[in-house]
Amino acid sequence: EVYYYVPMILLPLIISSISTVYSTIVTAREKTRINSLATILGGGVSIVLNLLLIPYWGLIGACFSSFIAFSTILFVSIYYSNLYDNLIKMILSIIFIAIGIYIIVYELIWTNNIYINIYFYLFSLLIF
């Protein structure tokens with residue numbers, strides 16, 4: 001049953017990784033204070049949303065809270081890095097990654113087709 005929550009945890013992790021790239025650019029431009037403020041803002045968003053969502057949705061609420069908090073940090077970092085030319089392309093790629101993870105985990109892996117299962121297990125071994 002754990003497989004159900006993995007995609008919900010992966011998406012905030014992917015957004016956090018992308019945010020790290022933009023935060024590094026902000027740091028290189030000697031705006032380290034912006035990184036601190038973005039992190040504090042993201043932490044505040046996370047705390048508030050966790051208090052509101054976890055009592056009703058449980059782990060799904062915590063995953064959604066992490067998604068919103070990391071997205072907040074990402075957009076602040078993008079704004080202050082002045083590299084938002086490809087913002088729409090990045091948002092679309094995050095959406096496609098989320099859809100791909102959903103299809104792989106919820107629709108394909110747990111089917112009764114043995115060939116699809118073998119293919120995805122071999123593909124995951126190649127990636128990791």
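Of note:
- Here the Karplus curve 6.51 cos²θ - 1.76 cosθ + 1.60, taken at θ = phi - 60°, turns the phi angles of the range 64-69 into couplings of 5, 4, 5, 4, 5, 5 Hz, with x standing for Gly and Pro.
- Each residue of the range 29-41 was assigned a 3J(HN,Hα) from its phi angle through the Karplus expression (A = 6.51, B = -1.76, C = 1.60, θ = phi - 60°), giving 8, 6, 10, 5, 5, 4, 4, 5, 5, 5, 5, 5, 4 Hz with x at Gly and Pro.
- Kirkwood-based Rg to Rh ratio, the range 1-102, C-alpha trace: 1.01
- Where chymotrypsin sites (Phe, Trp or Tyr not before Pro) fall in DSSP loop in the range 14-97, at most 15 other Cβ within 10 Å: Tyr84
- HN-Hα J in Hz across the range 8-13 - Karplus 6.51, -1.76, 1.60, θ = phi - 60°, x for Gly and Pro: 5, 8, 5, 4, x, 5
- With the alpha-carbon atoms of the range 36-92 aligned to their principal axes, the span from lowest to highest coordinate is 39, 26, 10 Å, starting with the largest.
- Solvent exposure ordering (accessible area, 1.4 Å, most first) of Ser17, Ser71: Ser17, Ser71
The values are calculated or read from the model by the stated rules, or taken from the named source; none is laboratory data. No experiment lies behind these values; they were computed from the predicted model shown. Please note: Cβ atoms are built from the backbone with ideal geometry, for glycine as well, and neighbour counts cover all protein chains shown. Side chains included, ligands, DNA and RNA excluded: accessible areas come from the protein's heavy atoms. Shrake-Rupley method; radii C 1.70, N 1.55, O 1.52, S 1.80 Å.
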